[in-house]
Amino acid sequence: MNRPHIDQRIQERLKLHRPVPAEINARIEHTLCSLQSYKRRSKRKILYSTAVAGITACVVLLSLTFAFNSNIYANSVKPFLQSVFGIMGDNGLAEADGNKELPVLTEKEYAGYTLRIHEVQFDGLRLSFSYSLSSSTDIPRQLYVLPDFQLDTSVKQVIPNILKSDSGGVWEDGKIGIVNYFFAGQVPDLLQLKVNVGKLAFINGDSEGQETVSGDWSFELDVQKQGDVREQTYNEEKKSTEDNALFRVIGSRLSPGATEWNLYWELPLAFIAKIENNRLAGYGMKYNIMYDGDKQLVVITRMSSSQIIDKSLPHEDWIQAESIRLLTEPVPEGVQSVKVVPVLMVFPLGDQDQEYSERPLTQFEIEIPIQ
C-alpha cells in the first residue's frame, strides 16, 4: 500500500492542511508492517494478500476518521492544535516552527472563564496575537464569543492611529481567535503590550442582541519586533480620472506580515448620483489588489474618512474627498507589480426588486510597482 496515498486520503477526508499527526502515522505504520510479505507466492495468494492489505488499511482509515469525528476522541485530538495562526490566520501570520502543542504565553481566569494568549507576532506594521477562551461549563457552540480587547492608554499614547481587527472561531468546547493591531507610524523595537479585557460578549446568531459577562481578563506582554517596514510614495502619475472624479494611490507600507495601501478619492456629487441611479440603490466601495493575473490579496481590514472639499459652492457642485487606509496580507516574494481596482458595491434600497451587485471600475484601475 502506498503510504503517501494513505496520508493524502486521510488529509482529504479530515480536511487537514498539515501532515497526518505522528501518533496516527505510527499506528498506520505498525498496521502496514504487520502485513507479512513473502518472496514465493502464487498469483492466487498474491491477490488474496493484496485484498487483505487493502481491507485492513481501509479499516484503519475508517476507524481513524470515526475517531476524529467522535466526541469520545475529542480530548486526544486537542493536543494536535499546534497553532491558531496556522489554522485560521492569513498568509501574513506564520506558525512557529517546532511547536508540538499550542503554547501558552499568559492566561487569566475570572468568573469561571479562562482567557489564554498563545502566539504573538510583531513586525512594526502589524501586531497579532492568538487567543482561546474556555469555561468551567461548556460554552454553546452556536454562541459567538468576543472578548472586549482594549489597548491600554499607555500604548495609545506611544503609538497613535492604531487600527484593530478581531476574528473568532470554534475549537472543540472552547473559542479561539486572532486580534490584529496595525500601526501608522514608527514603533519601538520592544513594545510593552498592555491589553485591558473588562467584559466578554456572547452573541447568538439566531436571536437579536447580546449578553455580556463583566470581569477582568487583562494581560501584559513584552513583544520584540521582528522584521522591517518598507515605505513607498507614488507621484501624481498614479491616478485615474473620469467625469471629474479622481482616484489616486498615495503610497504603501510593506512588511513581512501585511501591506498598507493609502488611497484617495475625489467624487463629485453628480458622479455619486449617477451611481445611485436616482437613489433607487445605495452604494459602497471596496478595493481589489490584484497580482500575477487573477490572484488577489486578502483584505484584513480598512478605515476611511471623508469630507466635502468646498461647501461654499452650490450643492450640485460639491466634491466629496475620501481617504482610505486599506490593510491586506503581505505581497508575496517576487511580485513586481500589483493592480489596484476599485469595485462599486450596489445595495438595493427599500422594496426595490434588485439584487446586490458588484461592478469593477476598471476605468480607474492603477498599476503599482513593488520595489
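One table, with the values for the structure above:
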quantity	calculated
Of 274/311; 108/156; 239/286; 239/295; 225/339; 199/225, those spanning more than 25 Å from alpha-carbon to alpha-carbon	225/339; 199/225
Formal net charge of residues neighbouring residue 131 (Cβ-Cβ distance under 13 Å; K, R +1; D, E -1)	-1
Within the accessible area of region 94-185 (1.4 Å probe), percent carbon and sulfur	48
Protection-proxy order for peptides 263-271, 234-242, each taking the mean of Cβ atoms within 10 Å per residue, highest first	263-271, 234-242
P(r), alpha carbons of region 236-317 - 10 Å bins starting at zero, rounded %	12, 39, 34, 13, 2
Signed unit charges on C-beta, dipole axis of region 215-319, positive-most listed residue 256, 300, 282	282
Cβ charges +1 (Lys, Arg) and -1 (Asp, Glu), total dipole of region 253-371, debye	240
Förster radius 51 Å - calculated FRET efficiency between residue 216 and residue 320, Cβ distance, rounded to 0.05	0.70
Cα centroid separation - region 96-163 against region 281-322, whole Å	32
Estimated distance in nm for a label pair at residue 104 and residue 294, the labels positioned 7 Å out from Cα along Cα-to-Cβ	4.7
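The values are calculated or read from the model by the stated rules, or taken from the named source; none is laboratory data. Remember, predicted model here, so these are calculated numbers, not experimental data. As a convention, Cβ positions derive from the backbone with ideal geometry for all residues, glycine included, and neighbour counts pool all protein chains shown. These accessible areas exclude ligands, DNA and RNA; they are computed on the full protein's heavy atoms, side chains included. Shrake-Rupley method; radii C 1.70, N 1.55, O 1.52, S 1.80 Å.
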